[in-house]
Amino acid sequence: MAFVQAVVRGFERYGADPSEALQRAQIAPSQLQRAEARVTAAQFEQLCGAAMQQLDDEALGWFTRRLPWGSYGLLCRASLGAPNLGVALKRWCRHHRLLVDDIELTLTDDGQVATLSIGEHRDVGTLREFCLLTSLRYVHGYACWAVDSRIALYEAAFPFEAPPHAAVYPLLFPGPVRFGAARAGFSFDAHYLGLPLRRDERALRTMLQHALPLTVLQYRRDRLLVQRVRDLLNQPSADALHAEGLARALNVSLRTLHRHLRQQGATVQSLKDEVRCARAQDALRRSRHPVKQIAHQLGFRSEKSFARAFRQWTGATPSDWRSGAATTRSDTTFSN
């Protein structure tokens, strides 16, 4: 209800009556005084859509300059022709500065972690929380839609203390949430920046007809999930990591993890086998350790169980595979 109250304060800033918008969203005025009250995502979508059109301000009174209906659509369109997400987000930040100067969006990338942060140039008062939260959700929702991937976050940070309704934040941001930060922003795996945009003008027109759910609901598909699972399984402590632990590390439910992997033609077990096979091949190629010792290092109970698994993976026994790898190296060396 705190977010509904923020929308109502936007009406107050313009001296307008929110009754019609509340009615369209089927929110009784008496609910506004109940801090524990809740609304559905669909109700909030209806409320915001009605408010933006009635006030002709998609920022709902946050800024010194009104953002007329269609302003965020222009931001989407200006970023759509980018070759990848990194360029698209830089365009979004640059064009956002042309619309308002109360806040400034900035994208940084160190090659491993990308961070989109908000610099505040003016105090927006009681609308600050809703302004910062929604501005981040707009960017994140558009980015997920543009590359058709759920962009998991390392962290979403906010420069204020945890509000009474802090429990709702993890529903809006797919990752850990930290309050009391120096500035608002979110960080994520920089590899997402290289994903190509998968939408065209036609898809954009369709999305803009029903865009607000992108700012309320988390995106479902994660196109980098397979690689992120591989990275976790490649860590030294991952031998005992099961699906439940992977789901916790990735900030998704177990059901979501299995569904996303299935969409990409993978399973937890197939990825574990892939990683263990690669480690086994590397150990056989790089060392002369006995197969039994390698089996133990890889977590197998016996040399026999390792040989059986390795044959399923490669079609050869560990000893035969090692001999073939050695022959390949000798042939290569001789030809060079």
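The values are calculated or read from the model by the stated rules, or taken from the named source; none is laboratory data. Note that the structure is a prediction, hence the values are computed from the model and not measured. FYI the Cβ positions are ideal-geometry reconstructions off the backbone, even for glycines, and counts take in every protein chain you see.
Tabulated data
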read-out: Selected residue (criterion: farthest from Tyr138 (Cα to Cα)) from residues of region 55-72 that are in contact (Cβ under 8 Å) with a residue 40 or more places away in the chain and either in the same structural domain as Ala211 (by TED's automatic domain parsing) or buried (at least 18 other Cβ atoms within 10 Å of the Cβ) (or both); value: Leu55
read-out: Members of region 280-296 found to be surrounded by 14 or more Cβ atoms within 10 Å (Cβ to Cβ) and without any contact (Cβ under 8 Å) to a residue 40 or more places away in the chain, listed by number; value: Ala280, Ala283, Val291, Lys292, Ile294, Ala295, His296
read-out: Check on Ser187, surrounded by 21 or more Cβ atoms within 10 Å (Cβ to Cβ) and over 30 Å from Ala37 (Cβ atoms); value: no
read-out: Residues of region 306-336 that turn out to be loosely packed, with under 12 Cβ neighbours inside 10 Å, among the small types (Gly, Ala, Ser) and at pLDDT 85 or above, as a count; value: 1
read-out: Failed condition for Leu98, given (1) closer than 28 Å to Tyr154 by Cα; (2) not assigned by TED's automatic domain parsing to the domain that holds Arg9; (3) not β-branched (Val, Ile, Thr); value: (1)
read-out: Selected residue [closer than 27 Å to Ala203 by Cα and among the hydroxyl-bearing types (Ser, Thr, Tyr)] from Ser135, Ser117; value: Ser135
read-out: Total residues in region 27-40, condition without any contact (Cβ under 8 Å) to a residue 60 or more places away in the chain and either loosely packed, with under 13 Cβ neighbours inside 10 Å or in the same structural domain as His165 (by TED's automatic domain parsing) (or both); value: 8
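Residue-by-condition table, conditions (1) crowded, with 18+ Cβ neighbours inside 10 Å; (2) more than 21 Å from Phe11 (Cα to Cα):
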residue	(1), (2)
Thr108	no, yes
Val113	no, yes
Glu120	no, yes
Asp123	no, no
Leu127	yes, no
